[in-house]
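Asks: Mind having a look at this structure? Questions to follow.
Each reported figure results from applying straightforward, stated rules to the coordinates on display, with no laboratory input. Please read these numbers as outputs of a predicted model, since none were measured by experiment. For neighbour counting, all protein chains shown are included, and Cβ atoms are generated from backbone atoms with ideal geometry for every residue, glycine included.
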Amino acid sequence: MSARELSYAEAIREALGIALEHDERVFLMGEDIGVYGGAFQVTGDLVERFGEERVMDTPISELGGAGVAVGAALTGMRPVYEFQFSDFSMLAMEQIVNQAAKLRYMLGGAVNVPVVFRMPTGSGLGGAAQHSQSIEAWYAHVPGLKVVEPSTPEDVKGMLLAAIKDPDPVIVFEHKLLYKMKGATPEGYYETPLDRAVIRREGGGLTIVATAIMVHRALEAADILAKDGIEAEVIDLRCLRPIDKDAIVSSVKKTGRLLAVYEGVKTLGIGAEISAIVAESEAFDYLDAPILRLGGVEAPIPYSPILEKAAVPQVEDIVAAARRLAHGEV
Amino acid sequence: MAVEIVMPRVDMDMTSGRMGRWHAPEGAHVEKGATLFEIETDKAAMEVDAPASGVLKFVAASEGDVLPVGACIGWIVPEGESFAPPPEKADALPIARPETSVLPNALWRGRDGLGGPESSQRIDQTQMGGPPPGLPHDSPSKDGRPSGRPMGGGEVVGERPRATPAARRVARERGLRLESVNGSGPRGRVQRRDVEQGGAASNVHRLWLQRGEGAPIVFLHGFGADLNGWRPVHRLLPETLPALAIDLPGHGLSPLGEEASFAALVEAARAALIEEGVGAAHLIGHSLGGAVAATLAHEPGVKALSLMLIAPAGLGPETNAAFFNGFLQADTEAALTPWLHMLATDAAALGSALARTTLRQRRERPLVADQRRLAKAILAGGRQAIDIRGLLPTPEAPTKIVVGLEDRITPPHQAEGLSGLIALHRFAHVGHMPHLEARREVAALIEELVRAGQRSQR
């Protein structure tokens, strides 16, 4: 069967449609996900296909909506709650971090919280400081949550279906710049593991571990680097909790050089964890250069498009950092 | 006046030393010039003499302690004088780097008003065999730091070589020392490829005792020794002469490969020289290393500008087979010492720590097994299997042979009957180790030979 291409947003919609079709416990919640079709037009026509009881517009209260979703999950339903922006999930932190993530543990396993939170995330669309953040590392710090960040249409469909089936709360970060990106997407029902990174490009010169939109920038950078004879191995981390340590460690053992690229603020971010995993592992003895991180600047995301671009790693930044690493300049 | 005893810097490249044995207990009276303690640097063991006469007090280091150069390890206080060492300076003076905070108080002279230390004098021993004639008296500079100490300029006292984890691993796996690898990374960092390139082609440990312009002196040690044996005589040579010392396979830090043969030693030495970019050299070899030097000089690859063979092997069949057996079998200090004493007429020339150092190295590396294999290859039926006489017809480069008339390993008469163009230097009352027993004379001969070699090159 030839590869059928869907956009990232279409792949999500397809996954949600399949889940709604296959499992009557599944229903969607979120602000403007019904008739309006969602802030980023992801749910689209699902309300017409499945009705307002299963594609439910909720009031402008993230705390209330998330609370209802967690409660419904406790009763055995499979809610999928969409935040308009991951930034707004801060209003629902109590429900996500204190309730959803803790209840199975605190009730001795007597309950599960099979809720899915979808969080459009990241910069690049001129959303300014309160609509452009990358806070996935915050949630990845919480035991009891699963946190994934798919970077392709195929992955977002498979991971969303796996997340809906999963008995525990799962947060799916969807980078806004990916929504229109097209890619081969298998038809029908399939699941993509929620705990495995994937190698997007093999190479022996250095390892680039990237997330979300940075995976694509890293791949573009790798093509440029290849012209210099630098073969970068690009790992799409995909899963932040649990994190696929083995994939990182085995790649660094092969290449001896590590560059972590992520959009969140650099300090105390995903790159710190990736670096520490390597430093603590058997890959340490294979490091032939310091570990480098490329992350967001230590500032709110600016509104100015020029500054917004400058605030997070771009292809040329990755190329420059990888060159310095590969040429032993750091 | 109390005199501080510090960890001396005995080598250019020394940053720290391991305390050996004290020859006097705390509280004992010691005489200036008498052996006071032993140290083991990462290269060699040696004795250090008391810098003054008095009572050994405030001993701050015991056997096995590793201390940076300049660290205070005790004080010698004149009889009857009351003295208190200056307090720890770490809290009294700002020390920028955490690495330096481990320094004991030795790097700092006393400060005003603390009493006592004003009357102390700093001794910096730069040579073994006694305190130097001129005492470098470090006066604290304005910021309270003593001048001329290795504190500034980015150097960190006691720092390990700058190397990546991968370089360290590869060096570990191959038994190479990072100190002997040139780092190509930022600030001289040794990277994996440096170790691989520096060690893959010839797994031969070598060390530049002195870097510099022009063709270097190349030192090749004898059976059972290693490159550290050259340090005493090298210290007497001018710093303008570059010098490279090699650990032959099966010795020091160079492993013996599959092939245990004399040819393999020559090949390893040649490969090391070529890797170091040495195309022409003044070759100086002792005993087995003398035979290696003569063979290197005779064969293409490395041009010998001059050649010095010290008590060389390969000039005749006789040798002291019992020595080889006894030397390799001895596994205690008591058993080894008599065999070592057979090397020299004056055992003191060897240094008292030699037996312990040898035994320690044997524990750390498979030297005995390697040297047994080598001994089988270079001795046949208790006689020398190497013959270099045929390689020395009419020398193309200035050549000297140096022997001791009391040599009990290679009979000195073997050096007779060679070309009249080869200078033969015969030292009375000297054994198999002229470069240690008559080191000043041998150093002078080396200088003379190198000058002759340089002249003949023009």
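Asks: Percentage of Cα-Cα pair distances in the stretch A:198-326 greater than 25 Å, rounded to whole percent?
Replies: On the way: 1423 of 8256 pairs.
Here the tail beyond 25 Å accounts for 17 percent of pairs.
Asks: Now for a separate question. What list do you get for B:Arg189, A:Arg217, A:Arg25 if you sort them by fewest beta carbons within 10 Å?
Replies: Ascending Cβ contact count within 10 Å gives the list A:Arg25, B:Arg189, A:Arg217.
Asks: Let me ask something else. Could you work out the mean projected area of the convex hull around the alpha carbons of chain A, in square nanometres to one decimal? It would help to have the intermediate numbers written out before the result.
Replies: On the way: hull surface 67.1 nm².
Average projection, Cα convex hull of chain A: 16.8 nm².
Asks: Would you mind calculating the relative contact order of chain A from Cα pairs under 8 angstrom and at least 6 residues apart, reporting the percent as a whole number?
Replies: Computed value for chain A: 16 percent relative contact order.
Asks: Just the Cα atoms of the stretch B:392-449: what Rg and Dmax do they give in Å?
Replies: Over the stretch B:392-449's Cα set, Rg and Dmax evaluate to 11.5, 31 Å.
Asks: Still on this structure, I have one more. So, counting K/R as plus one and D/E as minus one, what does the shell of residues with Cβ under 15 Å around A:Leu268 add up to? Write out the running numbers ahead of the final one.
Replies: Working: positive: A:Lys266, A:Arg293; negative: A:Glu136, A:Glu263, A:Glu273, A:Glu298.
Around A:Leu268, the charge tally is -2.
Asks: Then there is this: Using a 10 Å cut-off around each Cβ, can you sort A:Asp45, A:Asp166 from fewest to most neighbouring Cβ atoms? List each step's numbers first, then the result.
Replies: Numbers: A:Asp45 13, A:Asp166 18.
Final ranking by Cβ density, sparse to dense: A:Asp45, A:Asp166.
Asks: Please get the size of the charge dipole for the protein assembly as shown, origin at its Cα centre, with Cβ charges of +1 on Lys and Arg and -1 on Asp and Glu, quoted in debye to the nearest 20. Could the numbers behind the result be given before it?
Replies: Details: 80 positive and 100 negative charges, 403 e Å.
The dipole of the protein assembly as shown has a size of about 1940 debye.
Asks: Continuing with the same structure: Exposure proxy check: A:Lys182, B:Lys400 ranked by fewest other beta carbons within 10 Å?
Replies: Details: A:Lys182 13, B:Lys400 21.
Starting with the residue having the fewest Cβ neighbours, the order is A:Lys182, B:Lys400.
Asks: Could you pull out every residue, at least 5 positions away or on a different chain, whose amide H is within less than 5 Å of the one on A:Glu233? Hs are placed 1.01 Å off N in the peptide plane, and Pro or chain starts have none.
Replies: A:Gly203, A:Gly205, A:Leu206, A:Thr207, A:Ile208
Asks: While we're on this one: Tilt of helix A:62-74 relative to the longest C-alpha principal axis of chain A, in degrees (0 to 90, nearest 10)?
Replies: The two axes meet at around 80 degrees.
Asks: Going through the cross-link list A:Lys176/A:Lys254; A:Lys245/A:Lys266; A:Lys165/A:Lys266; A:Lys157/A:Lys180; A:Lys176/A:Lys266; A:Lys102/A:Lys165, which pairs have a Cα-Cα distance over 26 Å in this structure? Numbers along the way, then the final one.
Replies: On the way: A:Lys176/A:Lys254 33 Å; A:Lys245/A:Lys266 20 Å; A:Lys165/A:Lys266 33 Å; A:Lys157/A:Lys180 14 Å; A:Lys176/A:Lys266 20 Å; A:Lys102/A:Lys165 19 Å.
Checking Cα-Cα distances, A:Lys176/A:Lys254; A:Lys165/A:Lys266 exceed 26 Å.
Asks: Moving on. Taking square-rooted eigenvalues a ≥ b ≥ c of the alpha carbon gyration tensor, is the protein assembly as shown rounded, prolate or oblate, where a/c under 1.5 means rounded and, failing that, a/b exceeding b/c means prolate?
Replies: Details: a/c = 3.25, a/b = 2.19, b/c = 1.49.
Prolate, since a/c reaches 1.5 and a/b exceeds b/c.
Asks: Could you tell me what a quarter of the Cα convex hull surface of the stretch A:3-186 works out to, in nm² with one decimal place? Don't jump to the answer; show the numbers that get you there.
Replies: Working: hull surface 38.0 nm².
Computed as one quarter of the Cα hull surface, the answer is 9.5 nm².
Asks: Still on this structure: May I ask for the Kirkwood hydrodynamic radius of the stretch A:259-330, worked out over all distinct Cα pairs and given in angstroms to one decimal? Spell out each step's value before the answer.
Replies: Details: mean 1/r = 0.0760 Å⁻¹.
One decimal place: 13.2 Å for the Kirkwood radius.
Asks: Okay, moving on. Place a +1 charge on the Cβ of each Lys and Arg in the stretch A:3-186 and a -1 charge on the Cβ of each Asp and Glu, then give the dipole magnitude about the Cα centre in debye, rounded to the nearest 20. Walk me through the intermediate numbers first.
Replies: On the way: 15 positive and 24 negative charges, 81 e Å.
Dipole about the Cα centre, nearest 20: 380 debye.
Asks: Return the long-range amide H neighbours of A:Val55 (sequence gap of 5 or more, or a different chain), with a cut-off of under 5 Å between placed amide H atoms.
Replies: The answer is A:Leu28.
Asks: List the lysines whose alpha-carbon lies under 26 Å from that of B:Lys303, not counting same-chain residues fewer than 8 positions away?
Replies: Qualifying lysines at Cα under 26 Å: B:Lys400.
Asks: Could you please report the charge total around A:Leu74, scoring K, R as +1 and D, E as -1 over all other residues with beta-carbon less than 13 angstrom from its beta-carbon? Please report the intermediate quantities before stating the final value.
Replies: Numbers: positive: A:Arg25, A:Arg78, A:Lys102, A:Arg104; negative: A:Asp168.
Its environment carries a net charge of +3.
Asks: What is the sum of charges, Lys and Arg at +1 and Asp and Glu at -1, for the other residues whose Cβ falls under 11 Å from the Cβ of B:Ala294? Write down the numbers at each step before the final one.
Replies: On the way: positive: B:Arg389; negative: B:Glu299, B:Asp387.
Its environment carries a net charge of -1.
Asks: Going toward the positive end of the dipole of the protein assembly as shown, with +1 on Lys and Arg Cβ and -1 on Asp and Glu Cβ, which of A:Thr192, B:Pro300, A:Met181 do you reach last?
Replies: Towards the positive end, the residue furthest out is B:Pro300.
Asks: Hey, what number do you get for the protein assembly as shown at 222 nm if only DSSP H runs of n ≥ 4 count, each worth -39500 (n - 2.57), divided across all residues, to the nearest 500?
Replies: Values: 22 runs with 221 residues, N = 788.
Estimated from H runs of four or more residues: -8000 deg cm²/dmol.
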